[in-house]
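Trainee: I'd like to ask you about the structure that follows.
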Amino acid sequence: MAFLPSYGPSMPLNEPAFPELRLDAWRLALRPDLGGCVAGLWWHGHPVLRSTEPAALAEARRAASYPLVPYSNRIAEGRLPWQGRLHRLRLNVAGSPHPMHGVGFQRAWTVAHHAADTVDLVLTHQPDADWPFAFEARQRIVLSPGAVRFELSATHRGPDTAPMGLGWHPFFLRRPGSRLRAAVTGRWEMDERKLPSEHRPCAALDAAVDALDLDHCHTGWCGEAFLHDETFDLRLSASTRHLVVFTPPSRPDYAVEPVSHANNAFHRDDPLAHGLVALAEGDTASAWMQIDLLDARP
């Protein structure tokens, strides 16, 4: 993955507080200061993702999408075992007994480069109570006439080997006719603590969203998911092979999350066998996600 170099530790001069990307019928609004998140994504003014005007967005977890770095989902009770040492992580989401979704969504990112259809964001993390390893993360978001592409990388900046996981947490609107289709081969069942308990084979996903009640990580994902509703036909593709699907029946939206590793992979016998990677100093992990607009009926 080729990123433009960082242009320094602060926002470039004259950079708007809420930068936007625009191309043809697309509009994408950002909140770099709020977890480097996408506040909203619209096509001809119709929300493609759950969308909020950036000035009205109060937290990244209410955004259209936010980056997951250096891990996705939950780490049981904040206990991070790694190479013979147990690190204790601070809880970071109210009401959860487990830290969730890394640190990237709760930190301000720097705008390194901004053009009409492209933005590069940078986050430098120093070891703290939320994550004990230093890293530099970079995001690139690019609009094209038929798609939005997201690229994410993280480089380990500390002296020891560090674990790394990447992903995204996009939210889609639950509209009439909302349907999800994705080829997967397995699923981690969840216990009462919302932690994976048992891995089982499963059939491909192909159902109305209203018929699903999931908060599960799927394995053996083919790298493509198709989302249909009364307004849009979308293809979500990614370089990852795990897919978290979150479809709570009481909510007006649902999440389809490409991620690099299984939930709570740190607590498996071999975390690297479940998608985490080990980075030596200077090593980089990277991934990409893309949302293609296949058809629209605004």
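The values are calculated or read from the model by the stated rules, or taken from the named source; none is laboratory data. Note that this is a predicted model, so its numbers are computed, not measured. Positions of Cβ are backbone-derived with ideal geometry, glycine not excepted, and every protein chain shown enters the neighbour counts. Quick note on the areas: whole protein, heavy atoms, side chains included, nothing else; ligands and nucleic acids left out. Shrake-Rupley method; radii C 1.70, N 1.55, O 1.52, S 1.80 Å.
Trainee: Being in contact with a helix residue (DSSP H, G or I) (Cβ under 6 Å, 6 or more places away or on another chain) and either small (G, A, S) or at negative phi (or both) is the filter here, so list the residues in region 238-274 that pass it. Steps first, answer last, please.
Mentor: We begin by selecting, within region 238-274, every residue in contact with a helix residue (DSSP H, G or I) (Cβ under 6 Å, 6 or more places away or on another chain); these are 247, 254, 261-262, 264-265, 267-268, 271, 274.
Across region 238-274, the qualifying residues are T247, Y254, H261, A262, A265, H267, R268, P271, H274.
Trainee: Same structure, new question: Can you find, within region 250-266, the residue that is farthest from P47 (Cα to Cα) among those that are among the hydroxyl-bearing types (S, T, Y) and open to solvent by 20 Å² or more (accessible area, probe 1.4 Å)?
Mentor: Residue satisfying both the conditions and the ranking: S260.
Trainee: Would you mind finding the one in L28, L34 that is part of a strand (DSSP E or B) and touching an Asp or Glu at 6+ places or on another chain (Cβ under 8 Å)? Spell out how you get there, then give the answer.
Mentor: On the way: L34 fails: part of a strand (DSSP E or B).
So the residue among L28, L34 that is part of a strand (DSSP E or B) and touching an Asp or Glu at 6+ places or on another chain (Cβ under 8 Å) is L28.
Trainee: For region 209-249: of the residues being loosely packed, with under 15 Cβ neighbours inside 10 Å and among the hydrophobic types (A, V, I, L, M, F, W, C), which is farthest from N73 (Cα to Cα)?
Mentor: Only one residue fits best here, namely A211.
Trainee: What number of residues within region 115-127 satisfy the criterion of being outside any loop (DSSP other than H, G, I, E, B) and either in contact with a Phe, Trp or Tyr (Cβ under 7 Å, 6 or more places away or on another chain) or open to solvent by 10 Å² or more (accessible area, probe 1.4 Å) (or both)?
Mentor: At the first step, the residues of region 115-127 found to be outside any loop (DSSP other than H, G, I, E, B) are 118-125.
Going one step further and asking which of them are either in contact with a Phe, Trp or Tyr (Cβ under 7 Å, 6 or more places away or on another chain) or open to solvent by 10 Å² or more (accessible area, probe 1.4 Å) (or both), we end up with 118, 120-125.
Count: 7.
Trainee: Then there is this: Might you check whether a residue that is surrounded by 14 or more Cβ atoms within 10 Å (Cβ to Cβ), touching a Phe, Trp or Tyr at 6+ places or on another chain (Cβ under 6 Å) and farther than 24 Å from P252 by Cα occurs anywhere in region 186-208?
Mentor: yes
Trainee: While we're looking at this one, here's another question. Determine whether A112 is buried (at least 20 other Cβ atoms within 10 Å of the Cβ), over 21 Å from L276 (Cβ atoms) and hydrophobic (A, V, I, L, M, F, W, C). Even if it seems obvious, please write down each step before you answer.
Mentor: Working: buried (at least 20 other Cβ atoms within 10 Å of the Cβ): yes; over 21 Å from L276 (Cβ atoms): yes; hydrophobic (A, V, I, L, M, F, W, C): yes.
Yes.
Trainee: Among the listed residues G84, G36, which satisfies the condition of being in contact (Cβ under 8 Å) with a residue 60 or more places away in the chain and at positive phi?
Mentor: G36
Results for (1) assigned to a strand (DSSP E or B); (2) among the hydrophobic types (A, V, I, L, M, F, W, C); (3) open to solvent by 50 Å² or more (accessible area, probe 1.4 Å); (4) at pLDDT 95 or above, shown as yes or no for each residue.
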position	(1), (2), (3), (4)
L86	yes, yes, yes, yes
V93	no, yes, no, yes
A129	no, yes, no, yes
R149	yes, no, yes, yes
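Trainee: For region 124-147, give me each residue that is of a type in the set (K, R) and over 16 Å from E20 (Cα atoms).
Mentor: R138
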